[in-house]
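The values are calculated or read from the model by the stated rules, or taken from the named source; none is laboratory data. Since the model is a prediction, treat every value here as computed from it, not as a measurement. Glycine gets a Cβ as well: all are built from the backbone with ideal geometry, and neighbour counts include every protein chain shown. For accessibility, only protein heavy atoms count, side chains too; no ligands or nucleic acids. Shrake-Rupley method; radii C 1.70, N 1.55, O 1.52, S 1.80 Å.
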Amino acid sequence: MLSCDICGETVSSEPDMKAHLLIVHMENEVICPFCKLSGVNYDEMCFHIETAHFEQNELERNFERINTGQYGTSDNRKDSSLQCRADINSGIHSACASNQPKISAQSLPKDGTLKHKDFYSENLTESRKFLKSMEKQSDRTKLKESIYETMYSPPECPFCGKIEDNSQDMETHVKTKHADLLDTPLEGVNRVQCSRDLELAQQLQQEEDRKRRSEESRQEMEEFQKLQRQYGLDNSGGYKQQQLRNMEIEVNRGRMHPSEFHRRKADMMESLAIGVDDGKTKTSGVMEALYRYYQNAATDVRRVWLSAGVDHFHSSFGDKGWGCGYRNFQMLLSSLLQNDAYGDSLKDMSVPCIPKIQSMIEDAWKEGFDPQGASQLNNRLQGTKAWIGACEIYTLLTSLRIKCRIVDFHKSTGPLGTHPRLFEWILSYYASEREGSPKVVCTSKPPIYLQHQGHSRTVVGIEERKNRTLCLLVFDPGCPSREMQKLLKQDMEVSSLKQLRKFVGNLKHKQYQIVAVEGVLSSEEKIARRQASQVFTAEKIP
């Protein structure tokens, strides 16, 4: 005799035990073999399997076709669910009768096998597979453990994986925690698809943001390096290195003979050693030539004021592209050196070369002038191509006890971005008394340093034309010597003056600054101005 490990019922043979397990313990509750869903009737379970587990169910259909061929037709499945084989003993009938309706021999199919509707549920199919595999095992202990594990494993939530004690608790959990997922299958698919689309969109956005930040960083670095190169702070060498490099290029292109290269190199090294400009870019005598021209020609000019004598200096191979501020200082200093009023401050001085000017500005910083400007240029100019502007010119002149002032024309004062107030200020600087003066006035005033964004020039005079408009006369360090030489001819042409004349409509930069020399400082005044330069301020117009 065999005893049921679940309910204790005894049967005479192993086939009877299999029938008992199927009828009494496996058909009472329909459980989905794929997701453990329970608590529904047969029709609902069939609909669930057809919709949620279609592919798995196809395999069962194939099995069912094989089973039908082996065991007969499936007619009257509902009524045959509680039948037993004709040869089942009376003990089994009594055990079944305690819970099920009686079975008659007439209700059995011709082949005498059990047929029941639930045999075609997915749960019964899994049970058949299970029992078929158990037939190969003779160990009753393994059979017991496998049956218990299959029949009584706790249900697991298909959405979050949570395990409950029974199917009712699992049903409550699903309905309360995952009610939004119990929609139609199409809505669930749409929701999953939307979630995936959102995740993909977020990934794409993150990748786009990363690329954008990378591109911004690259552009910022390029702009920074461009500014470094523009202002000579890229550690590519200074005047000497650029001079040699550009002369080598000229030799390679066949525009300079090697012997000329070595001669110029020797002259440069000598100039750098003594700190004095070699004069190869200087043009003298232009102011005297202008005086003659205005005396004998220029019928459209009512009156003209010229600064004291000044030499023109232009850029060379060594400072092309960045040396305009230094060249304008050389022009200004050349005028001061010709004026006896400044002889005491500039005693025994010559026009310095550009590396010497850089050294002189560094010395002024060491004295304590303009610490903010020094910090911006890393307290170093020698060996660089760093630009200088109005503040550095003021600092250098003040350290030499030259009295000067910075005036900032920080915005336009006329139509179309012009600066008529700048022209009026320069006129008042040169012309203390306008009425009754001769047509050409040679003043003792030094030239004016004129700075704007990206370039600087030197103002050497101003015209008042017969129509009362004003025109500046400007020396540009970008103008080569061959052009300036044309102004020295006895029969100077009007077209030659075009490079000097700047009308109000020609100066339309947003901002202009000027440095104007006004005399000599005492030692006490120099100290006071050094202290005032700790926080650098300029006079603003307007």
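If packing is taken as the average number of other Cβ atoms within 10 Å across a peptide's residues, how do 168-175, 455-462 rank, most packed first? Kindly include the intermediate steps, with their values, before the conclusion.
On the way: 168-175: 15.4, 455-462: 24.2.
For the peptides 168-175, 455-462, the packing ranking is 455-462, 168-175.
With all protein chains present, how much of the accessible area of the range 271-403 (probe radius 1.4 Å) comes from carbon and sulfur, to the nearest whole percent? Mind dumping the intermediate values first?
Numbers: 2230 of 4960 Å².
Carbon plus sulfur share of accessible area: 45 percent.
If you take the square roots of the eigenvalues of the alpha-carbon gyration tensor of the range 251-373 and sort them as a ≥ b ≥ c, do you get rounded (a/c under 1.5), prolate (a/b over b/c) or oblate? Could the numbers behind the result be given before it?
Values: a/c = 2.11, a/b = 1.20, b/c = 1.76.
Judged from the Cα gyration tensor, the range 251-373 comes out oblate (a/c at least 1.5, b/c at or above a/b).
Would you work out the charge dipole size for the range 440-486 about its Cα centre, treating the Cβ of every Lys and Arg as +1 and the Cβ of every Asp and Glu as -1, and quote it to the nearest 20 debye?
It works out to roughly 140 debye.
In debye to the nearest 20, how big a dipole does the range 198-280 give about its Cα centre with +1 on each Lys and Arg Cβ and -1 on each Asp and Glu Cβ?
480
Using +1 on the beta carbon of Lys and Arg, -1 on that of Asp and Glu, and nothing else charged, what's the dipole of the range 422-525 about the Cα centre, debye to 20?
620
Which of rounded, prolate or oblate describes the range 400-465 when judged by the alpha-carbon gyration tensor and an a/c cut-off of 1.5?
oblate
S345: net charge of surrounding residues, Cβ under 14 Å, Lys/Arg +1, Asp/Glu -1, itself excluded?
Working: positive: K347, R401, K403, K526, R529; negative: D340, D344, D348, E518, E525.
Spelling it out: positives minus negatives among the neighbours equals 0.
Using the Cα gyration tensor of the range 339-383, with a ≥ b ≥ c the square roots of its eigenvalues, what is the shape: rounded (a/c below 1.5), prolate (a/b larger than b/c) or oblate (neither)? Each step should come with its number before you reach the end.
Numbers: a/c = 3.54, a/b = 1.79, b/c = 1.98.
Note, shape of the range 339-383 comes out oblate.
For the ranges 489-499, 236-246, what's the packing order if you count other beta-carbon atoms within 10 Å of each residue, average per peptide, and put the highest first?
236-246, 489-499
Name the residue from I388, L416, V440 whose Cα lies farthest towards the positive end of the charge dipole of the range 385-542, charges +1 on Cβ of Lys and Arg and -1 on Cβ of Asp and Glu.
L416
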